[in-house]
Each structure stands twice: as C-alpha cells, then as structure tokens.
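Quick notes on the structure that follows.
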Amino acid sequence: MVERIIVGPLYTNAYIVSTGKKECIVIDPGDEAEKLCTRLESLNLVPQAILCTHGHLDHTSAAVEIQRHYQHERDHHIPIGIHAEDAEFFGDDAERRHQDCFLPLGDNATRVFEQLRPGIARADFEIAVGEPLLDSDLVAFATPGHTPGSVSFYSETRGIVWSGDTLLFKSVGRTDLNGGSGDELLKSISSVLYSLPAETRLFPGHGPFSSIEREKLNNPLLEGERTF
C-alpha cells in the first residue's frame, strides 16, 4: 500500500508506504502533521521511520510533530532519517540555513517560511545509500543537484521511485538555491533515475505521478520551468 497525501502551502506530496501489516514508512511529511497522523491512525499503521528525500522545510516540517504524537500517544519513538549532506537542515542551528533558501525568493516565500519554521526537527540517523532501509524494500540512491544531499528511494519490488524534487512531472527541481547545482541535477537524472526500468512509476515531491519512460520522452530537463 502506498498513499499520497498532499500537504502544506507548496502542495508537497507526502507518502505513507506500508512495510508490514501494521507498520509503514512516511516519506517527506512537509506540513499538516495532524492530517497525516489522523490518516495513519485510520489505516492502523505505525511508522517505523520518517525518511526525507532532502532537507527543505516543505518536505520535513511535519516530522517533529508526528514524532511527538507517537511518543505521547504510544510511547513510540519514530526516528527521522536524512542524507549526511543535508544534515545541516536539521537541529538547533538550522533556521539560518532555511532562511537562506526562502528569503531570496520574495515576500510569498517568506510567509511560507514563517508557516513552516516551527517544524525544524532533529535528525536521528543518516540515510545510507545503496542499502535496504529498515529491512524494507526501499533502497536510497544519491541524486544531488536540488540540494547536495538529495536522495531518491527505489523499490524494485513495487516498481516505484520516490524522486523528491530531483525529477518531477515534465519538470525538475530548481537549482538556483544555496547548494543547488544544475550539472549535478542533470547527472542524477540521466545517470541514476533514467537508468531504472522504463516502466518504473515516478512518485515525485510535487505534482502528478509519472513514469521513467514518460519523462524520458517528454521532460525538457533543465530547459523547463523549475518551481520547487
């Protein structure tokens, strides 16, 4: 079972991915923690962990409240994972790093930052690339470019890749923020994501679902509009 829940001011795709009869992994809980917890409870699923494709607040800001909810209601600690290259987006000193991303984008971005700012969490573990995560069928691939520590999660069994803001439906993640690199992003897409089987379903960080085959045929890559 994989369920997408669209959350927050930037319409981030958060995902609940079942890993057992009563367990799951939450990917990119960007906002609206109460909405996500309510859905988890209705599905009778308890998260094993929260995995973040990258450190931007619109993909992480609900993590701390989900963590608190399960600690309080079930005495269950949910660890939060991030790639080491994006660890600076977490912890007590991370607010300035997030400001550097939002403030150059103008007043609307500043308002989004203020909405999401209370959700700066602490990471519990570093996501290891190339190894099964938490005894699940998910494997992390390093796909930097949008941020230095961007990763994508791939399940060969399910035929799905969760690409975060690296590859989107007919678009790609922006690379003009601190730490972004257009060359790295293009390399991540062409060498990593486009090497997956053509029928692999693409579950991105924003916008509609797609597939690797569809993006190979229709995505203008770095020539397209970049919005996230």
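Structure notes:
- Of the residues screened, residue 122 is one that is part of a loop (DSSP other than H, G, I, E, B) and of a type in the set (D, E, K, R).
- Taking every residue in the stretch 114-140 that is free of Cβ contacts under 8 Å to residues at least 40 places away in the same chain and pairing it with any residue that is small (Gly, Ala, Ser) and exposed (fewer than 14 other Cβ atoms within 10 Å of the Cβ), at least 6 positions away or on another chain, the pairs with Cβ-Cβ distances below 8 Å are 139/130.
- Residue within the stretch 213-223 that is within 22 Å of residue 82 (Cα to Cα), out of contact with any Cys (no Cβ under 9 Å at 6 or more places or on another chain) and assigned to a loop (DSSP other than H, G, I, E, B) present: no
Conditions (1) closer than 25 Å to residue 23 by Cα; (2) among the aliphatic types (A, V, I, L, M), marked per residue:
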residue	(1), (2)
139	yes, yes
146	no, no
149	no, no
154	yes, no
158	yes, no
167	no, yes
176	no, no
179	no, no
186	no, yes
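- Condition met for residue 140 (modelled with pLDDT of 95 or more, surrounded by 15 or more Cβ atoms within 10 Å (Cβ to Cβ) and of a type in the set (Gly, Ala, Ser)): yes
- Residue within the stretch 168-184 that is under 18 Å from the mean Cα position of the chain (by Cα), more than 25 Å from residue 99 (Cα to Cα) and among the small types (Gly, Ala, Ser) present: no
A quick yes/no check of all residues on (1) buried (at least 22 other Cβ atoms within 10 Å of the Cβ); (2) more than 25 Å from residue 91 (Cβ to Cβ); (3) in contact with a Lys or Arg (Cβ under 6 Å, 6 or more places away or on another chain); (4) not charged (D, E, K, R):
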| position | (1), (2), (3), (4) |
| --- | --- |
| 1 | no, yes, no, yes |
| 12 | yes, no, no, yes |
| 16 | no, yes, no, yes |
| 22 | no, yes, no, no |
| 27 | yes, no, no, yes |
| 30 | yes, no, no, yes |
| 34 | no, no, no, no |
| 47 | yes, no, no, yes |
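- Selected residue (only one of 119, 179 is in contact with a Leu (Cβ under 9 Å, 6 or more places away or on another chain) and modelled with pLDDT under 95): 119
- Among the residues here, residue 152 qualifies as of a type in the set (S, T, N, Q), in contact (Cβ under 8 Å) with a residue 24 or more places away in the chain and buried (at least 24 other Cβ atoms within 10 Å of the Cβ).
- Residue in the stretch 5-12 that is part of a strand (DSSP E or B), modelled with pLDDT of 95 or more and of a type in the set (Phe, Trp, Tyr) present: no
- Matching residues in the stretch 100-116 - criterion: being farther than 20 Å from residue 164 by Cα, in contact with a Phe, Trp or Tyr (Cβ under 8 Å, 6 or more places away or on another chain) and at pLDDT 90 or above: none
- With respect to being more than 19 Å from residue 139 (Cα to Cα), charged (D, E, K, R) and touching a Leu at 6+ places or on another chain (Cβ under 7 Å), residue 22 fits the description.
- Flag for residue 129 being surrounded by fewer than 17 Cβ atoms within 10 Å (Cβ to Cβ), within 21 Å of residue 86 (Cα to Cα) and in contact with a His (Cβ under 8 Å, 6 or more places away or on another chain): yes
The values are calculated or read from the model by the stated rules, or taken from the named source; none is laboratory data. Fair warning: this is a prediction, and the values are worked out from it, not measured in the lab. FYI the Cβ positions are ideal-geometry reconstructions off the backbone, even for glycines, and counts take in every protein chain you see.
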